[in-house]
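In what follows, a single structure is set out as structure tokens and then discussed.
We did not get these values from a lab; they are worked out from the coordinates using the rules stated. Since the model is a prediction, treat every value here as computed from it, not as a measurement. Backbone-built Cβ (ideal geometry, glycine too); neighbour counts: all protein chains shown.
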Amino acid sequence: ESTLGAAAAQSGRYFGVAIAANRLSDSTYATIAAREFNSVTAENEMKIDATQPQRGQFNFTAADRVYNWAVQNGKEVRGHTLAWHSQQPGWMQSLSGNALRQAMIDHINGVMSHYKGKIAQWDVVNEAFADGSSGARRDSNLQRTGNDWIEVAFRTARAADPSAKLCYNDYNVENWTWAKTQAMYNMVRDFKQRGVPIDCVGFQSHFNSGSPYNSNFRTTLQNFAALGVDVAVTELDIQGASPTTYANVVNDCLAVSRCLGVTVWGVRDSDSWRAGDTPLLFNNDGSKKPAYTAVLNAL
Ligand code: XIL
């Protein structure tokens, strides 16, 4: 196959990309994105601050630019993200307790009803665990509403759009030996045992020297899949874009039948949130990097 998306589709998977609405007018960017990928995640446009800037006033202008571009170009859409400590609008940052809990529920209902039946996977909850060795939840205003905030978010999401796969998404959870990975695993196991609706786990996979790729990522994906959830690589970028590491990640996903696909977090290095790391598959001029070829050959 000659594109990443078509190559991934040979095994029933997707190869996706994070899209920024304000870059779609850049023809080099839009041409590559339309050609190479068959899944799209909005890099920022479906986040809480973008979709509900004032309480009760939803705004889907930017989100729909990404969504409509994706659908018009034949791609499926991953929704990102509904409940998160970061990129909250000011009004939400200032809430706590029952008012914040209700605002979270209202937000999930508002966004998911707008896209009802249209989103393949939703990242319902993002980044709820702490880094380091504690295995604890991350302290946040949402966590302080009560430890059950995550399951409430998932139950709300299931009722709002039963057709979407509901994912928990996090970073620094790719290495099986890390406490954060084990904490996330225990939560998913508990949810499955108690019937909390969760369908998938997203591994962001922002690899760099502080949190490098480890070959036990495949074990991690296999162990989560064995709990009865799908898995996905949701925000892949690799500091320095080692072709070998990119191929390893793709091969890890391909080795796990419940791995739905891989999404890279941007098109060209210059589009990356970590542009200085040159972590992506395309050069700034739109040409393919060695990592691109490694990924295509692995798929
Ligand atoms: C990042 C975006 O790429 C940036 O443009 C933005 O300024 C901050 O957020 N984990 C996530 C993503 O789940 O939403 C983040 O995206 C990167 C880390």
Given ALA294, ALA241, GLY117, which one lies farthest toward the positive end of the charge dipole of the chain, if we put +1 on the Cβ of every Lys and Arg and -1 on the Cβ of every Asp and Glu?
-> GLY117
In nanometres, what is the gap between the two model label sites at LEU24 and ASP148, each 7 Å from Cα along Cα-to-Cβ?
-> 4.0
Cβ-placed point charges (K, R +1; D, E -1), dipole of the chain about Cα centre in debye, nearest 20 = 520
Set of lysines near LYS116 by C-alpha distance (under 17 Å), chain-local residues within fewer than 8 positions excluded | LYS47, LYS75, LYS165
What are the semi-axes of the equivalent ellipsoid for the chain, taken as the square roots of 5 times the Cα gyration tensor eigenvalues, largest first, in whole Å?
-> 28, 23, 17
Any chance you could check the Cα centroid distance between region 87-108 and region 215-230 for me, in angstrom?
-> 32
Calc'd 3J(HN,Hα), region 6-13, phi into Karplus 6.51 cos²θ - 1.76 cosθ + 1.60 (θ = phi - 60°), Hz, glycine/Pro = x, comes to 5, 5, 5, 5, 4, 10, x, 10
Relative to the Cα centre, what is the charge dipole magnitude of region 168-299, using +1 at the beta carbon of each Lys and Arg, -1 at the beta carbon of each Asp and Glu, and rounding to the nearest 20 debye?
-> 300
